[in-house]
Structures are given as C-alpha cells and as structure tokens.
1. Looking only at segment 186-225, count every residue that is polar (S, T, N, Q) and under 13 Å from L149 (Cα atoms) and tell me the total.
2. A118 is checked against (1) modelled with pLDDT of 95 or more; (2) among the hydrophobic types (A, V, I, L, M, F, W, C); (3) in a loop (DSSP other than H, G, I, E, B) and fails just one. What number does that condition carry?
3. Do we have any residue at all in segment 225-238 that's without any contact (Cβ under 8 Å) to a residue 60 or more places away in the chain, open to solvent by 40 Å² or more (accessible area, probe 1.4 Å), more than 15 Å from ligand 1 (Cβ to nearest atom) and not basic (K, R)?
4. Of everything in segment 296-316 that's touching a Pro at 6+ places or on another chain (Cβ under 9 Å) and assigned to a loop (DSSP other than H, G, I, E, B), which residue is most open to solvent (accessible area, probe 1.4 Å)?
5. Return the residue satisfying two criteria in turn: it lies in segment 331-384 and is among the small types (G, A, S) and assigned to a loop (DSSP other than H, G, I, E, B), and of such residues it is nearest to E131 (Cα to Cα).
6. Does E47 qualify as being at pLDDT 85 or above and among the acidic types (D, E)?
7. Go through segment 63-116 and report how many residues are of a type in the set (K, R), touching a residue at least 24 places away in the same chain (Cβ under 8 Å) and open to solvent by 70 Å² or more (accessible area, probe 1.4 Å).
8. I need every pair where a residue in segment 163-174 that is more than 16 Å from S148 (Cα to Cα) has its Cβ under 6 Å from the Cβ of a residue that is open to solvent by less than 50 Å² (accessible area, probe 1.4 Å) and not hydroxyl-bearing (S, T, Y), sequence separation at least 6 or different chains.
Amino acid sequence: MLASNPNLTKCPFFPTRYVPISRSFHITCSVSQLQSAAEVVNGRVPERNEIRLGLPSKGRMAADTLDLLKDCQLSVKHVNPRQYVAQIPQLSDLEVWFQRPKDIVRKLLSGDLDLGIAGFDTVSEYGQGNEDLIIVHDALDYGDCRLSLAIPKYGIFENINSLKDLAQMPQWTEGKPLRVATGFTYLGPKFMKENGLNHVSFSTADGALEAAPAMGIADAILDLVSSGTTLKENNLKEIEGGVVLRSQAVLVASKRSLIQRKSALDTTHEILERLEAHLRAEGQFTVTANMRGSSAEEVAERVLSQPSLSGLQGPTISPVFCKRDGQISSDYYAIVICVPKKALYNSVQQLRAIGGSGVLVSPLTYIFDEETPRWRELLSALGL
Ligand SMILES: Nc1ncnc2c1ncn2[C@@H]1O[C@H](COP(=O)(O)OP(=O)(O)OP(=O)(O)O)[C@@H](O)[C@H]1O
Ligand SMILES: O=P(O)(O)OC[C@H]1O[C@H](OP(=O)(O)OP(=O)(O)O)[C@H](O)[C@@H]1O
Ligand SMILES: [Mg+2]
C-alpha cells in the first residue's frame, strides 16, 4: 500500500521504510533543510515519522558516546565510518545521524534533529540560550572539561591570580583592551560583560589557542581545559573566578519535537531510563555476605548500625538453610546490599566488624528505579 503511494519513495538508507518524495535523499539536502527551518520558524516541527538522534561523528566525544550507548544495550549499527546514518535496532523508529557536535546543536534548533548528544559547552555556545533546547540528561559521565580563562604566568600577569585582579589592571582601556583569543565567541563576551570586564576585544582561531599569548596575538585565552597540561606546557595559568562553565556530555532535545511528536517523547523516555539505570549502577557494587544471627531482625539491626551498610533501600536479608542432624535450621543469614564503589573497602571492614564472612563483590549492570527523577523534571519542564 505504501509503495503505491505516489508521494512516497523508498528510503535509500532504510530499505524497509518509505519517505516523502520532498524529503527524499536524491533531492539535495539543503532543500529539505530550508523547508524544515521554515516550518520550525512557523512553530511546527517538520513532518516525518522517524525520530532523529544526532551523535558526534568524530573527535573526542565519538567513541565514548558509542560505548555509553552500547553499555545501555542501545548499540548503534554502523556499518561504515563514512556513512553518516545508522540505526539502533532496539529503537525501531529512531534514525541516528552522525554530525559534528556543533552541527548537532544547530540541527536541533532548525528541527532537523530531535535529540542529540554533545558536550554541554557546545550546547551552551551554539544553543545561545535558545528556549527550544532542553537538557534531558545533564551528566553522561564522560567528556569532562571546563571552559576557563587563562593568562600568562609571566610579565605583567605574574601577580594576577583572580578575575578581579585582572579586571582591576590599569592596562585595559577602551583604546587598548584586554585581547582574548577564543573559539567561544558567544559565551566569551557574555562572561566578560557579566563580570564587569568592559575593555575586552576578542579574536578567534580553530585550535592551538594556547600559542596566542606567546605569539603576541592575545593577552589571555578562553578555552577548554581538562588535564591542564596544554596550559602548563605553554606557560599559562587559570585564575580564580575564571571558569565560565563546567562541561560533560549531555543528552539534549528540541522541546518542540518532544511536545509535538508523541513517539519522540516515548523514545526519549526509553533512552533516558536506560541511561539512568546504567549510570546509576556504574558507581555501585553488589555486596553479599553471610552472617550468623538469631533472626533476620537481629541481623538487620547489626547491619543498619553501620553507616556504610544501608544500601539503596536498606539491606535484603534472607535465611541460609542447612541440614544438621536431620534437622533444617537457619543459623546464618545472607545479606545483600548495594555499595558505592568508593565506599567498598569501608563497607567490607564494617561487615567484618559485625561478624560478616564470605563477602562476595560483583559489579552492578543496571538499577531501574520506579521512575527516574529526570523524567519527572522533563515532563514538568515541557508542561506535561
Ligand atoms: N580537553 C578537552 N579539550 C577539548 N574538548 C574537550 C576536552 N575534554 C573534553 N572535551 C569535550 O569534547 C568536545 C570537543 O570534541 P572535539 O574537539 O572532538 O570536537 P570539536 O571541537 O567539535 O571538533 P574540532 O575541534 O575538530 O572543531 C568539547 O566540546 C568538550 O565537550
Ligand atoms: O587540559 P588539556 O587536557 O591539556 O586539554 C586542553 C586542550 O585540548 C583541546 O585542544 P584539542 O586537543 O582539541 O586541540 P585543538 O586546539 O586543535 O582543538 C583544548 O582546545 C585545549 O587546547
Ligand atoms: Mg577540539
């Protein structure tokens, strides 16, 4: 029936699907982009049945993004790195589009993507506070870095250690402003203005910004920092109050898409649940131990007297049955608790202190809560 519809044509990437001829991939992309941008300007999302998720096509974020999705049982089926469209077999109405992170943000705004994963820095810089963008998950736990102002350690900056010191330097005037090199041409000026630095000029470059002060092109740089090695190797330092934002990978969506496409909201719910379940579990171990006791209550009392042994919702305690002299008895109890990875050794010591033995530790794969707090927050932000 679909095949006989004169307005539809077979999708070249997903042979089982049909797409409107106007959005056919044989017609240039720019035509469909212009159409969808116009529709978004008019407040409607472009017509299409598939939900589109943008993922970083290359660079730092790309591999970690695919790894995270794989850990959430949402592996991306991507046959060839030069093919920019892919599928996640578990989410049948979803198309994955590989894009540069900044283009993911731009395409969410134009309505050409519904969901995306990118660094929070990129979302903030290219989203420019646009109210259509909504952060669905703000802490995907990779791509950690900060956008930070840095100045030379030497010369007139030797004793300058804070943004306040920098702002008070007599050198900066209207005719001779502080020259800042940055790729963040939206966030940079905004930050300076908000912090009362009025005599500032900006220059931009695509990379290796740390060279600009030594080359005499700039006085300061505003760039991403993670380990701090690049700053150190170029004789630069961060200053107090100079961090514009802290960033990590986030899941971001177009509000309009989520409100107007029921299936986009459903798909987002599933992705969010899987992300939350995996990320919550990643920080925890399951710890099992045996403990002698007269009753489950008595064992529970001992376990709960220790600060690191309360688990997520208290310990699970069950009798261990054994046969002695033909009689079934339960002198031992098995206790199962979830323990934060960081508190593992403490917990094992506390278990031993209250008579725990045979302590087994295993990794946790998922923790599914009744409902994730982020889902509730999302619905409320969407007014649903
Ligand atoms: N030390 C770091 N430097 C830069 N980006 C980092 C760092 N650590 C984490 N990131 C994250 O990685 C993202 C940048 O990735 P990448 O450099 O691959 O992409 P890009 O900047 O869009 O590409 P390109 O640099 O080729 O223009 C940043 O937006 C940030 O969220
Ligand atoms: O604090 P660090 O761990 O040293 O990382 C910071 C550096 O990494 C990034 O550069 P990138 O490697 O992307 O090179 P680029 O300058 O060419 O973008 C960023 O722009 C900094 O230069
Ligand atoms: Mg880069």
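1. Step one: of segment 186-225, the residues polar (S, T, N, Q) are 195, 198, 201, 203-204.
Next cut, under 13 Å from L149 (Cα atoms) only: 195.
Number of matching residues: 1.
2. Condition not satisfied by A118: (3).
3. Filtering segment 225-238 down to residues without any contact (Cβ under 8 Å) to a residue 60 or more places away in the chain leaves 227-230, 232-234.
Next cut, open to solvent by 40 Å² or more (accessible area, probe 1.4 Å) only: 227, 229-230, 232-234.
Filter again for more than 15 Å from ligand 1 (Cβ to nearest atom), leaving none.
No, segment 225-238 contains no residue that is without any contact (Cβ under 8 Å) to a residue 60 or more places away in the chain, open to solvent by 40 Å² or more (accessible area, probe 1.4 Å), more than 15 Å from ligand 1 (Cβ to nearest atom) and not basic (K, R).
4. Keep residues of segment 296-316 that are touching a Pro at 6+ places or on another chain (Cβ under 9 Å), which gives 296, 299-300, 303-304, 308-309.
With assigned to a loop (DSSP other than H, G, I, E, B) added as a condition, the list becomes 308-309.
Working: S308: 30, L309: 0 Å².
Going through the qualifying residues, I end up with S308.
5. Initially, segment 331-384 is screened for residues among the small types (G, A, S), giving 334, 343, 347, 353, 355-358, 362, 380-381, 383.
Keeping just the survivors that are assigned to a loop (DSSP other than H, G, I, E, B) gives 355, 383.
On the way: G355: 56, G383: 13 Å.
Restricting to residues being among the small types (G, A, S) and assigned to a loop (DSSP other than H, G, I, E, B), the top hit is G383.
6. Values: at pLDDT 85 or above: no; among the acidic types (D, E): yes.
Judged against the criteria, E47 is not a match.
7. Keep residues of segment 63-116 that are of a type in the set (K, R), which gives 70, 77, 82, 100, 102, 106-107.
With touching a residue at least 24 places away in the same chain (Cβ under 8 Å) added as a condition, the list becomes 100, 102, 107.
Filter again for open to solvent by 70 Å² or more (accessible area, probe 1.4 Å), leaving 100, 102.
Final tally of qualifying residues: 2.
8. So the pair list comes out as W172/L178.
The values are calculated or read from the model by the stated rules, or taken from the named source; none is laboratory data. Given the structure is predicted, the values throughout are model-derived calculations rather than measurements. Reconstructed Cβ throughout: ideal geometry from the backbone, glycine too, with neighbour counts over all protein chains shown. Remember, those area values only see protein heavy atoms, side chains included, never the ligands or the DNA or RNA. Shrake-Rupley method; radii C 1.70, N 1.55, O 1.52, S 1.80 Å.
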